[in-house]
Amino acid sequence: MNRHFGFHHHKHERFGRHGFGGHHGRHMGRGGRFGRFFDHGDLKLVILRMIADQPRHGYELIKEVEERAGGAYSPSPGVVYPTLTWLEEMGFVTAADAAGGRKLYSVTAEGEGHLRANEGQTVSLFQRMAEAAAASTAFSPQILRARENLRTALKLKTTGGALGKEQIAAICDALDAAAAAVERA
């Protein structure tokens with residue numbers, strides 16, 4: 001079993017009491033493995049709580065979740081916008097057209113009631129996001145981006161056909177130099 005942010009991880013196991021399950025975006029685990037960060041319905045509570053704290057646009061919510069999780073998780077627009085639509089259909093939020101064709105979401109009385117009814121779970125979700133952020137200083141969005149750029153470049157180079165001895169040596173030298181620079185940072 002691997003350990004992720006203080007919770008046990010196994011292919012068919014949930015994390016903690018309410019879980020880090022759900023397929024609501026990408027979660028970078030140790031070793032670059034992607035797993036589930038939220039259980040079903042958890043992201044809806046997180047987004048609703050953030051909107052209750054302050055009216056927001058969809059993009060702002062994506063960035064806020066990513067920031068609160070310390071870069072270890074970023075929900076995709078393909079998950080956030082349908083979640084916002086669901087919250088609106090349930091009567092938990094309203095959407096008003098704002099500048100640039102974006103929608104500004106605000107909580108309703110029904111949404112506030114839903115949050116009160118699920119306060120314990122909501123508090124737990126935000127605590128676990130904070131724990132993930134505190135435990136993953138190496139998972140800053142900038143480091144994740146740079147690491148993925150390196151991974152992509154290496155994959156493209158090594159799957160594009162046979163490499164010559166000089167190319168292999170140059171790649172190894174670049175990777176060793178990068179590792180040494182990271183150790184010195």
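Restricting to the range 51-77, give me the number of residues that are over 21 Å from residue 101 (Cα atoms), of a type in the set (Gly, Ala, Ser) and over 9 Å from the mean Cα position of the chain (by Cα). Lay out the reasoning, then the answer.
Of the range 51-77, the ones over 21 Å from residue 101 (Cα atoms) are 52-53, 65-75.
Within this subset, residues satisfying the condition of being of a type in the set (Gly, Ala, Ser) are 52, 69-72, 74.
Those left that are additionally over 9 Å from the mean Cα position of the chain (by Cα): 52.
Residues that pass the stated criteria total 1.
When the range 34-54 is examined, which residues are found to be under 19 Å from residue 94 (Cα atoms) and either buried (at least 18 other Cβ atoms within 10 Å of the Cβ) or of a type in the set (Ser, Thr, Tyr) (or both)?
Selection gives 43, 44, 45, 46, 47, 48, 49, 50, 51, 52.
Inspect the range 68-80 for any residue being at pLDDT 95 or above, closer than 30 Å to residue 144 by Cβ and surrounded by fewer than 16 Cβ atoms within 10 Å (Cβ to Cβ) and give the result as yes or no.
no
Name the residue, out of 181, 169, 133, that is surrounded by 15 or more Cβ atoms within 10 Å (Cβ to Cβ) and of a type outside the set (D, E, K, R). Steps first, please.
Details: 181 fails: surrounded by 15 or more Cβ atoms within 10 Å (Cβ to Cβ); 169 fails: surrounded by 15 or more Cβ atoms within 10 Å (Cβ to Cβ).
Residue meeting the stated conditions: 133.
Residue by residue through the range 82-125, note down the ones that are farther than 12 Å from residue 55 by Cα and part of a loop (DSSP other than H, G, I, E, B).
Correct list: 90, 91, 92, 102, 118.
Over 24 Å from the mean Cα position of the chain (by Cα), at pLDDT 85 or above and part of a helix (DSSP H, G or I): is that true of residue 162 in this structure? Explain how you work it out, then say what you get.
On the way: over 24 Å from the mean Cα position of the chain (by Cα): yes; at pLDDT 85 or above: yes; part of a helix (DSSP H, G or I): no.
For residue 162, the condition - over 24 Å from the mean Cα position of the chain (by Cα), at pLDDT 85 or above and part of a helix (DSSP H, G or I) - is not met.
Any chance you could count how many residues in the range 82-103 are modelled with pLDDT of 95 or more and surrounded by 16 or more Cβ atoms within 10 Å (Cβ to Cβ)?
Total meeting the criteria: 8.
Which residue, of 105, 81, is under 27 Å from residue 38 (Cβ atoms), without any contact (Cβ under 8 Å) to a residue 60 or more places away in the chain, touching a Leu at 6+ places or on another chain (Cβ under 9 Å) and assigned by TED's automatic domain parsing to the domain that holds residue 59? Show your work before the answer.
On the way: 81 fails: touching a Leu at 6+ places or on another chain (Cβ under 9 Å).
Only one candidate passes the filter, namely 105.
Is it the case that residue 148 is surrounded by 13 or more Cβ atoms within 10 Å (Cβ to Cβ), out of contact with any helix residue (DSSP H, G or I) (no Cβ under 7 Å at 6 or more places or on another chain) and under 29 Å from residue 42 (Cβ atoms)? Explain how you work it out, then say what you get.
Details: surrounded by 13 or more Cβ atoms within 10 Å (Cβ to Cβ): no; out of contact with any helix residue (DSSP H, G or I) (no Cβ under 7 Å at 6 or more places or on another chain): yes; under 29 Å from residue 42 (Cβ atoms): yes.
Judged against the criteria, residue 148 is not a match.
Across the range 24-50, what is the total count of residues that are at pLDDT 85 or above and either among the hydrophobic types (A, V, I, L, M, F, W, C) or under 10 Å from the mean Cα position of the chain (by Cα) (or both)? Step through it out loud before you land on a result.
First pass over the range 24-50, keeping only residues at pLDDT 85 or above: 41-50.
Checking which are either among the hydrophobic types (A, V, I, L, M, F, W, C) or under 10 Å from the mean Cα position of the chain (by Cα) (or both) leaves us with 43, 45-48, 50.
Here the count works out to 6.
The values are calculated or read from the model by the stated rules, or taken from the named source; none is laboratory data. Source: prediction; values computed, not measured. Here the Cβ is made from the backbone with ideal geometry for all residues, glycine too, and neighbour counts use every protein chain on show.
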